[in-house]
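The values are calculated or read from the model by the stated rules, or taken from the named source; none is laboratory data. Only a predicted model underlies this, so the values are computations on that prediction, with no experimental measurement involved. All Cβ positions, glycine included, derive from the backbone under ideal geometry; neighbour counts span all protein chains shown. Ligands, DNA and RNA are excluded from the accessible area calculation, which covers all protein heavy atoms including side chains. Shrake-Rupley method; radii C 1.70, N 1.55, O 1.52, S 1.80 Å.
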Amino acid sequence: MQFQQLVYFVAVAETRHFTRAAERVHVAQPSLSQQIKALERELGAELFSRARGNIALTDAGEALLPLARRILADAETARLEVQELAQLQRGRVRLGATPSLCTGLLPEVLRAFHTAHPGIQLLIEESGSHDLVRELARGALDLALIALPLPPAAPALTTVELLTEDLVVVSSRDVPAPGGGGPLDIAALREEPMVMFRHGYDLRELTVAACRAEGFEPVFTVEGGEMDAVLGFVRAGLGLAVVPAMVAEHAGPGVRVTRLAGSPLRRTIALAHRTDVAPPRAARELRRMLLAGSGSG
């Protein structure tokens, strides 16, 4: 099995078209097809179904695809690590973060990092913690800011706790304040319509778990949104939402913030990377600055 064969295989798997895949990897289509056939002979299984010109992955192809992507990602990480100059004059960092941290913690740290290392490219992926864990596992990210605890069956990740943040309830100022305006018990959300994040957001799991602990299922008027969408739906009066306090601080006019009574509802954010692969040097430097900025370093 040759490395270039895996490059061709992933290109075909993602484009579902031999000619477009060949154009993508800058090789003649017959050469690409020959290499795919050679790979299939080596593995002893067909990787693609080619019925009537429709290209689809076989079961063997489906099994190989995530492994091939990880091998290629690891090889790219190794290439960049070797090519980085001693003074961090070039390179890249692929950082994943939850939307709340992209608006709260990250801007100042990234500004400081860019000032110190202007030649380092910063690639930011904004998503929920569960999605970021999957992206770390397949080698698509160097670092990620995720919520603890890790989801069941999570890959082997090295994590360092970065911060703990309170969660608060946000509502529209155009509707009466929930609970009369004072601190709100989770139980008071039983009769309140709620706007809920899509699956994959740790905030969704935290909110639903807190409601169930009080013996009820929350009622959703809208669900499936990202952070900005959820705040917009709240602002429009479609329901309440539970969000991190640092997000609420930047929610803008039209949004009311209500603290939770009793034991605060909190989440712990950690900085994570794959245990089996050391982050590139530029990522290690950003990791150091993130830990120092949070007081964890």
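For the range 99-108, a residue qualifies if it is buried (at least 18 other Cβ atoms within 10 Å of the Cβ) and either of a type outside the set (Ser, Thr, Tyr) or touching a helix residue (DSSP H, G or I) at 6+ places or on another chain (Cβ under 6 Å) (or both), and the qualifying residues are PRO99, SER100, LEU101, CYS102, GLY104, LEU105, LEU106. Checking the structure you have, find out if any residue of the range 177-197 is under 16 Å from the mean Cα position of the chain (by Cα), among the acidic types (Asp, Glu) and either surrounded by 14 or more Cβ atoms within 10 Å (Cβ to Cβ) or under 28 Å from VAL257 (Cα atoms) (or both). No, the range 177-197 contains no residue that is under 16 Å from the mean Cα position of the chain (by Cα), among the acidic types (Asp, Glu) and either surrounded by 14 or more Cβ atoms within 10 Å (Cβ to Cβ) or under 28 Å from VAL257 (Cα atoms) (or both).
Does ILE120 satisfy being more than 21 Å from PRO244 (Cβ to Cβ) and not polar (S, T, N, Q)?
Values: more than 21 Å from PRO244 (Cβ to Cβ): yes; not polar (S, T, N, Q): yes.
Yes, satisfied.
Selection over the range 16-50 of residues that are open to solvent by 60 Å² or more (accessible area, probe 1.4 Å) and part of a loop (DSSP other than H, G, I, E, B) gives a count of 6. Does PRO149 satisfy the condition of being within 17 Å of MET246 (Cα to Cα) and open to solvent by 10 Å² or more (accessible area, probe 1.4 Å)? Answer is no for this residue.
Pick from the range 51-71 the residues that are among the hydrophobic types (A, V, I, L, M, F, W, C) and touching a residue at least 60 places away in the same chain (Cβ under 8 Å): which of them is most open to solvent (accessible area, probe 1.4 Å)?
First pass over the range 51-71, keeping only residues among the hydrophobic types (A, V, I, L, M, F, W, C): 51, 55-57, 60, 63-65, 67-68, 71.
Restricting the remaining residues to those that are touching a residue at least 60 places away in the same chain (Cβ under 8 Å) gives 68, 71.
Numbers: ALA68: 0, ILE71: 79 Å².
That would be ILE71.
Restricting GLN89, GLN121 to residues that are touching a Lys or Arg at 6+ places or on another chain (Cβ under 8 Å), open to solvent by 50 Å² or more (accessible area, probe 1.4 Å) and farther than 23 Å from PRO151 by Cα narrows the list to GLN121. Applying the criterion of at least 3 residues that are closer than 18 Å to LEU203 by Cβ and modelled with pLDDT under 95 to the strands (runs of 3 or more DSSP E) found wholly in the range 90-185 leaves 143-148, 157-172.
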